[in-house]
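To keep things clear, I will list the structure first and then write my remarks on it.
The values are calculated or read from the model by the stated rules, or taken from the named source; none is laboratory data. As the structure is a computational prediction, the values presented were derived from the model and not from experiment. Don't worry about glycine lacking a Cβ; one is built from the backbone with ideal geometry, like all the others, and counts go over all protein chains shown. We work out accessible area using only protein heavy atoms, side chains counted, and drop any ligands, DNA or RNA first. Shrake-Rupley method; radii C 1.70, N 1.55, O 1.52, S 1.80 Å.
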Amino acid sequence: MNKYALALVNIKGLGVKTFSYLIPDEMKEKIQIGQAILVPFGRQGLINAFCVGFSDYLPEEIKAKKISKILDETPLFSIDYLKLLEWVGNYYCCDLVTVLNAAIPLKLIEKVSKTEQSVEFVSFEGATKRQIEVLQKLKDSGKMPLVMFEKYAKTTRQTIKKLEALGCLKLSTEEIYRNPLDILRIENTEPLSTLEGEQLSAYDGISKKIKENPSAQMLLYGVTASGKTEVYFKLIDDTIKAGKNVLFLAPEIALASQLTKRLAKKFGTKDVAIWHSSISDGERYDVWQRLYKDDIKILAGARSAVFAPLKNIGLIIIDEEHEGAYKQTSPAPRYDAKVVAQKLSEFHHCPLLLGSATPDISVYYRAVNSGNLFEMKHRYRNAPIAPVTVINMQEHSKAAYRSVISKPLQTAINETLEKKQQVILLINRRGFSTYTQCQACGHVIECPNCAIPMIWHSKDQRLKCHYCNQVERFPDVCPECGSDALKNSGTGTQKIEQYVKELFPEHNVERVDSDVMVRKGEHIRLLERFQKGDIDILVGTQMIAKGLDNPNVTLVGVISADASFNLPDFRASERGFQLLTQVAGRAGRGEFTGRVFFQTYNPDYYALASAKSQNYGEFYSTEIAAREEFDYPPFSQMIRLIISSMNNFRAEKSAQEIALRMCMMIEKYGISERLEVLGPTPCVIERINGYYRFQIIIKNKLEEKGHNFISSFLNKITMPKDIKLAIDVDPLDIL
């Protein structure tokens, strides 16, 4: 019999920690993993906690206090759930407490259930004529919330109290579930669409593969507007009819909300739930409770939904699997929801289906070589792909409006608006301008904490840093030379929005980027307005490049098609190709023919040429050859170590010591050909939030053995207090 319980607590000022507590004899038969418990903690008195483990032994010097109470007999997670989190901690080189902190919403530790009073008919005995009229309405309506019944029956709380005293009705207090789907306003359900052509072939192939291997991990490659979502829905329907549940991930909150709305229309709101960081604590608590009680059949959500305690999973779908939003970049655990989903599918012995029009190179490579690739190479009912016009801005910039919007694109926008059709303009930069430069000495205004330019935001009339959120007013003179010749340069979404409003003042122009998505549900409201036709031109960042299925959008313009290609990262070409192909796929999805314009200063670049023809195979062939030559993923696993300090010398010295020790260990075991250590070198962004940064890149060609070797080495490292070590397994970028 266990003597001690490990309790997860959220301490003010300390964050999430675990402590051991003595289990009282009367609780030993009752206490379970995942239960909410009440424990004493210093001056804070009794606080809420979760039971996350047991042990029989504690060191003699530790005097454990007793657990005071089990708050809830029903656990909120299971031991299998903890095993998954333990695996996440091991894979991403961090402790279990860090993973628990990321996976379990802290507000669950504090019970935030919501209750309401309901009223129920009992009898007419002893009631007056007027009271009988009230009771008859209650009998006809059945049990209902008290507040609602008061309005419905046009009665008062005093009358209801008298009827309760007579025994004519019964009042009760019940826990109610808050539903984050209420904001979506779903009224009627729709039948599933009939699959046709390539949709049906893909569905049949995937279904056959699942029967052969219930834990298969597959890729559905389908060009934009090929109808992948309808294939997903048919597979979901099969899964639910088999008595299993479905986890469906989308890369961002806006897409998850759109997806959930479509799921609710197909399968009803009762069986569908949504999970992402923007739902309220109360909604999160209620969804978690319903998931654990197995009351939900389909859970849709963004990255964090992979940690929600959905039971009895029969299918996991990850749409737009190529998106970087599935990767948590900071803080730890720096997990990738796709990788965690792979492990989750193994735990539940269920299939995992990844879908994309522009698959991740590594995912496509593995699918091809394992026979788990299913393809839809044409749009639904063979609708034509919107043709792409490449505008060489070396020739058109002088005649362009403010040197930004070329004449051909202006003409195309005007023609589209005259037809009462809609336009999407992509600029992959937030803000009004991308840097502020002195025209006299060339000095660029940088963030005082980070080695990057401050970005001018015209609405707030402030310079902002998008890394540390530093905000400053526009300087009167150059801090370097004292000149007043400061000029905002470069182009962001705010500036494009302003230019488009100047060009087309009679039309409704709106902007979508993370700066305007601060209010809860704002993304839903904006996209609904666009869907209804209330917005003529939508200007935005990569947020608008995927998931939008608006049949009235017939023109897509990319203001700077080179932006993504110019980053010093081995995935830059892949990212640029994906972004251009995805945004081009938003045009011409209905009965009208679409058009796409790429404005570029480098029209011959191979990734841009492949995006123009939307030829993924051509791009993949070029890219995979380069990856193999340089041992980039999928031909190795990459692990990135970032060593940082407020002292530049200390950061560099610590990075050199770690790299040297690691190289010596690798040499000792004779595995230097399979484990390559690169660096240390200064990070591309050398300083963020006052910390100087150096990086070490490890290329692991020993798969799990190499990963375990590196993990073991890193676990033995103790860093000085003034040095930070961040471990990023499978990094999204190396900036």
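The table below gives the values:
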| read-out | value |
| --- | --- |
| Given charges at Cβ of Lys, Arg, Asp, Glu: region 248-365 dipole, positive-most of His349, Phe307, Ala273 | Ala273 |
| Beta bridges per DSSP with both ends in the chain, % antiparallel, nearest 5 | 60 percent |
| Relative packing of peptides 285-296, 391-402 - highest average C-beta neighbours within 10 Å first | 285-296, 391-402 |
| Sites Asn648 and Leu678, calculated FRET efficiency, Cβ-Cβ separation with R0 22 Å, nearest 0.05 | 0.60 |
| Linear extension gain, Gln656 paired with His443, 0.36 nm per residue minus alpha-carbon span | 73.5 nm |
| Point-charge dipole on Cβ atoms (K/R +1, D/E -1) for region 1-160, about Cα centre, debye to 20 | 780 debye |
| The chain: relative contact order as a whole-number percent, Cα under 8 Å and 6+ apart | 10 percent |
| For peptides 361-372, 36-47, 224-235, sequence by mean Cβ density within 10 Å, most packed first | 224-235, 361-372, 36-47 |
| Options Gln437, Tyr365, Pro331, ranked by Cα towards positive dipole end of the chain, top entry (Cβ charges) | Pro331 |
| List Thr493, Thr128, Thr718, ordered by accessible area with a 1.4 Å probe, largest first | Thr718, Thr128, Thr493 |
| Phi-based couplings in Hz for region 161-167 (Karplus 6.51, -1.76, 1.60; Gly and Pro marked x) | 4, 5, 5, 5, 4, 6, x |
| Gain in span if fully extended, Asp294 to Asp204, counting 0.36 nm per residue against the direct Cα distance | 29.5 nm |
| Extended-chain gain in nm, criterion 0.36 nm per residue less alpha-carbon gap, His349 and Lys137 | 71.2 nm |
| Pair Thr389, Arg43: separation of 7 Å Cα→Cβ label points (nm) | 7.1 nm |
| Disulfide-incompatible cysteines by the Cβ rule (no partner under 4.7 Å) in the chain | Cys51, Cys93, Cys94, Cys168, Cys350, Cys468, Cys663, Cys683 |
| Accessible area (Å², 1.4 Å probe, nearest 10) - Leu702 | 50 Å² |
| Listed residue (Ile405, Tyr669, His466) projecting farthest to the positive dipole end of the chain, Cβ model | His466 |
| Rg to Rh quotient for region 239-294, alpha carbon positions, Kirkwood Rh | 0.95 |
| Projected label distance in nm at Leu71 and Lys311, using a 7 Å step from Cα toward the beta-carbon | 2.1 nm |
| Around Val223: net Lys/Arg minus Asp/Glu count, Cβ-Cβ under 10 Å | +1 |
| Surface accessible to a 1.4 Å probe, His443 within the full protein complex, Å² | 50 Å² |
| Cβ-derived FRET efficiency at R0 45 Å, Val477 paired with Asn715, nearest 0.05 | 0.30 |
| Karplus (6.51, -1.76, 1.60) ³J(HN,Hα), θ = phi - 60°, over region 438-453, in Hz, Gly and Pro reported as x | 7, 6, 8, 10, x, 5, 9, 6, 9, 4, x, 9, 10, 8, 9, x |
| Given charges at beta-carbon only (K, R positive; D, E negative), |dipole| of region 482-624 in Debye | 260 debye |
| Inter-probe distance in nm under a simple model that places probes 7 Å from Cα toward Cβ, at Ser172 and Ala572 | 6.5 nm |
| Heavy-atom accessible area order for Arg687, Arg627, largest first, 1.4 Å probe | Arg687, Arg627 |
| Rounded to whole Hz, the Karplus (6.51, -1.76, 1.60) HN-Hα couplings of region 634-651, x for glycine and proline | x, 8, 7, 9, 9, 10, 10, 10, 10, 10, 9, 7, 5, 9, 4, 4, 5, 5 |
| Above-threshold pairs, the threshold being 25 Å between Cα atoms, out of Lys244/Lys338; Lys261/Lys464; Lys266/Lys546; Lys209/Lys244 | Lys261/Lys464 |
| Net dipole in debye of the chain [+1 Lys, Arg Cβ; -1 Asp, Glu Cβ; about Cα centre; nearest 20] | 1780 debye |
| As computed over the chain, the Cα convex hull volume per residue (Å³) | 224 Å³ |
| Residues of region 153-171 with amide N under 18 Å of a point placed 7 Å along Cα→Cβ from Thr128 | 153-169 |
| Estimated [θ] at 222 nm from DSSP helical runs (n ≥ 4, -39500 (n - 2.57)) normalised by residues in the chain, nearest 500 | -10000 deg cm²/dmol |
| FRET efficiency estimate (nearest 0.05) - Cβ-Cβ, Glu703 to Lys3, R0 45 angstrom | 0.65 |
| Label point at Ile685 placed 7 Å out along Cα→Cβ; residues across region 703-735 whose backbone nitrogen lies under 15 Å | 732-735 |
